[in-house]
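Here the structure comes first, spelled out in structure tokens, and everything after it is commentary.
The values are calculated or read from the model by the stated rules, or taken from the named source; none is laboratory data. Model, not experiment: these values are computed from the prediction. Virtual Cβ from ideal backbone geometry, glycine too; neighbours counted across all protein chains shown. Just so you know, the surface numbers come from the protein's heavy atoms only, side chains and all, with ligands and any DNA or RNA stripped out. Shrake-Rupley method; radii C 1.70, N 1.55, O 1.52, S 1.80 Å.
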Amino acid sequence: MRILPEKKTFQDLLNSRGLKNTKHRNFILNLIEQYQQPLTVEAVYLQLKAQRITISLSTVYRVIEVLLSKGILLKTNVQGDQRAFFEINKRQHKHHLLCLKCRKMLAVDGCPLSAYEKTLEASLGFAIQGHNLEIYGLCASCKDQE
């Protein structure tokens, strides 16, 4: 699924955020967009190397930090894991299910907290600006292995 309108490109996205369009930024954005789940910096690096793209791990870190700072990527931290996971910011509100064994991360469609947010705002007078929900457990494959 492309995050951009049909005739837009990553070049347009980068330019709109005041960034130069570089081959490394395009390689990384295209790779992250291909995956159905967020990737670590190390996974991005290994996938690019497997595609015979010449890039250093430090360059991958730098590019991802810049894309994150410009709101092009989103970062997710997993409890008990030192690594961060990155995905394209599709401007869609979503939550994740995280497998504690294999570290698979699945997106949850819809938001189960919308009604609860309204209840909290009404009862506490708190203007909620957003939230993040991560649910930890075992994916179907890991659960079957137990």
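Restricting region 56-92 to residues that are open to solvent by 20 Å² or more (accessible area, probe 1.4 Å) and hydroxyl-bearing (S, T, Y), which is farthest from the chain's Cα centre (by Cα)?
Residue satisfying both the conditions and the ranking: S56.
Report whether or not S141 is at pLDDT 85 or above, of a type in the set (S, T, N, Q), under 18 Å from Q37 (Cβ atoms) and open to solvent by 60 Å² or more (accessible area, probe 1.4 Å).
yes
Please enumerate the residues belonging to region 21-37 that are in contact (Cβ under 8 Å) with a residue 24 or more places away in the chain, touching a helix residue (DSSP H, G or I) at 6+ places or on another chain (Cβ under 8 Å) and within 24 Å of A107 (Cα to Cα).
F27, I28, L29, I32, listed by residue number.
When the residues of region 116-129 are narrowed to those that are open to solvent by 50 Å² or more (accessible area, probe 1.4 Å) and either at pLDDT below 85 or basic (K, R) (or both), which ends up farthest from the chain's Cα centre (by Cα)?
Across region 116-129, the extreme among qualifying residues is K118.
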